[in-house]
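What follows is a short report on a single structure.
Computed from the coordinates by the stated procedures, all read-outs in this text should not be read as laboratory data. Predicted model, so just to flag it, every value in this text is computed and none were measured. Positions of Cβ are backbone-derived with ideal geometry, glycine not excepted, and every protein chain shown enters the neighbour counts.
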Amino acid sequence: MKVFEAICDAVVAHGVDTIFGLLGDANMFLVADLVHRHGVRFVAARNENAAVMMADGYARVTGRCGVATVTHGPGLAVAGTALTIARQARTPLVLIAGDTPPGDPLHVQHFDQQPYALATAGTFVPVAAAATAVRDVGLAFRSARELPGPVVLNVPIDLADETVPPGTVAPVSVVPRVPRPLVPDPDDVDALARRLRSARRPVLLAGRGAESAATAIRELADRSGALLATTLMAAGLFTGHPYDLGVAGGLSRPLTRRTLAGADLVVTFGAGLNRWTTDHGALFPEAVVVSVDVDPAAIGARWPVAAGVRGDAGETARAVSAVLAPTRRPNWRSADLPAELAAADPFADLRIESPTDRIDPRAFIRICAERLPRERTTVVGVGHFGGWPNLLLDSVATDRSFVAPWEFGSIGVGLPFSVGAAVGRPDRPVVAFEGDGSLLTGLGELDTLARVGAPVLLVLLDDAAYGAEVRKLAPRGADPDLARFPGRDLAAVARALGLPAWTVTDDAGAQAAFDEVLPLSGPAVLHVRVRPDVIQEKF
């Protein structure tokens, strides 16, 4: 058996049935073996960076470890942005990267891959010898799951073709250790209970790290008389609860913003609490903030807090509930608030003008709210356009159905993440929002979407510019035309790459396009030409 075949056996033993990537000299036989001998599905991307993003999107919606593969040198180098996004999101992901022969430093594609992998992914596992290949695969998967985060499994091209000697090192266990939930210190529990007991207007704010603790946090909110809210990344976690304020942050709805302004205690669970979640301090300016997190380094790292509790979100919420007497707060949890929240119209404060040759993005999003299926995965890319889909969050379901890969602030993420999400969850359609500038950084992935054939509706909100830069240049006296571009027929480009596509410039056109597209049974593109003068202040 060759080393690359042993690696394939080990990868499949770890439960892998799907891999994303781009072929090159250093990984093409590994991919061929995975496909032909093991029946693994290979999703061929047009760019290595996109391949890793697809694996990341797959991992985010499934909860499984994503797997991608690239060749040596430029193959790994191109994937650096995607690896950094995955690292900041703590996505469990293994990237099998080829490497040039160690004995050939003058190889045209040679560069020192270890420091690059450490600077981007953060973890590097080299396959050092034929005898250790299976063990090294196990170490990579264990690291990805237990850290969690992306790992570069580095395989030199000459080593991959060596024969595995008899009596090789035993593989690492396929099933990783399941860490026990971190129980909080009783003194910290008592202190948090005292704060909740004395607070007049408490809010429990959950982030993505509290996903599994939703029930326990709801129960603590009911016991303590607190309101509930989530970060953007945990949107939909408390859907259906009468005192769910929805998303807290710069993208908060007006009613949520007004309510949070009166909070005197905010307890966060598994939330990074960055400056966007606090809206730079403007969202709950009078509140004492207490953070609950398993990672002590995360407590107060991004925003100052009055106190921290190191513990699992669910364990902490249950422990505090156990020592806290039921509390009613009729002035805070008023009888009228659930009805106000249910009736809150995200479009009520929007003054939408009649469309011209470009549709007001708010008018289009309002139509989306009426027409899109609730049971879907929603992917939102990065850019000025990214704030508009927030108006749809009331119609976002839970169960890993909202993907916003904004961790590194990189554009070009919407399309590849939507492909990965669709492959991972074929049971529900994907609606992805992307901008024109963002799409044009990775146009080739339209071809990938066409080949995959998954039910993905790609909505291109096209203002013929880098809208965020236009918005920032003009007030400083700089020429905003530096960030503007000629209009392009992106629907025609999509059709040329094998995708059905429609152009939308007004309300009637939007409705007609949805009539043809829905229900979604395969990939489709809506090229929505939006008015560039309509500004999203919070995005």
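Mind listing the long-range amide H neighbours of Leu265? Cut-off is under 5 Å, sequence gap 5 or more, other chains count too, H placed in the peptide plane at 1.01 Å from N.
Arg201, Val203, Val288
Mind running the shape call on the stretch 3-160? Use the C-alpha gyration tensor, a ≥ b ≥ c as the square roots of the eigenvalues: rounded below 1.5 for a/c, prolate if a/b tops b/c, oblate otherwise.
rounded
Using R₀ = 41 Å, calculate the FRET efficiency as 1/(1 + (r/R₀)^6) where r is the Cβ-Cβ separation of Ala301 and Glu162; round to 0.05.
Computed FRET efficiency for Ala301 and Glu162: 0.40.
Divide by every residue of the chain the summed helix terms, -39500 (n - 2.57) for each DSSP H run of at least 4, and state the resulting mean residue ellipticity at 222 nm, rounded to the nearest 500 deg cm²/dmol.
It comes out at -10000 deg cm²/dmol, rounded to the nearest 500.
Roughly how compact is the stretch 361-529, stated as its Cα Rg over 2.2 N^0.38 Å to two decimals?
Taking the Cα Rg and dividing by 2.2 N^0.38 Å, one obtains 0.98.
Could you tell me the convex hull volume per residue, in Å³, taken over the Cα atoms of the chain?
For the chain, the hull spanned by Cα atoms encloses 155 Å³ per residue.
Residue separation times 0.36 nm, minus the C-alpha to C-alpha distance between Ala261 and Glu375: what's the value?
Gain on stretching Ala261 to Glu375: 37.8 nm.
For q = 0.13 Å⁻¹, what log10 I(q)/I(0) does the stretch 186-343 give under the Debye formula with an equal point scatterer on each alpha carbon and no solvent?
Debye intensities relative to I(0), on a log10 scale: -0.50.
Quick one: if you stick a label point 7 Å off each Cα along the C-beta vector at Arg41 and Met1, how many nm between them?
My value for the distance between the label points is 2.6 nm.
Using Cα pairs closer than 8 Å and at least 6 residues apart in sequence, work out the relative contact order for the chain, in percent.
Over the chain, the number comes to 13 percent.
With Cβ to Cβ distances under 15 Å as the rule, what net charge do the other residues near Leu34 carry (K, R +1; D, E -1)?
That works out to -1.
Multiplying the sequence separation of Ala344 and Phe408 by 0.36 nm and subtracting their Cα-Cα distance, what value in nm do you get?
The Ala344-Phe408 span can extend by a further 19.8 nm.
So how far apart, in nm, are the two label points at Arg90 and Thr215 if each is 7 Å from Cα heading toward Cβ?
Simple spin-label model gives 2.2 nm for this pair.
First measure r as the distance between the Cβ atoms of Asp17 and Ala325, then evaluate 1/(1 + (r/R0)^6) with R0 = 41 Å and state the FRET efficiency to the nearest 0.05.
0.25
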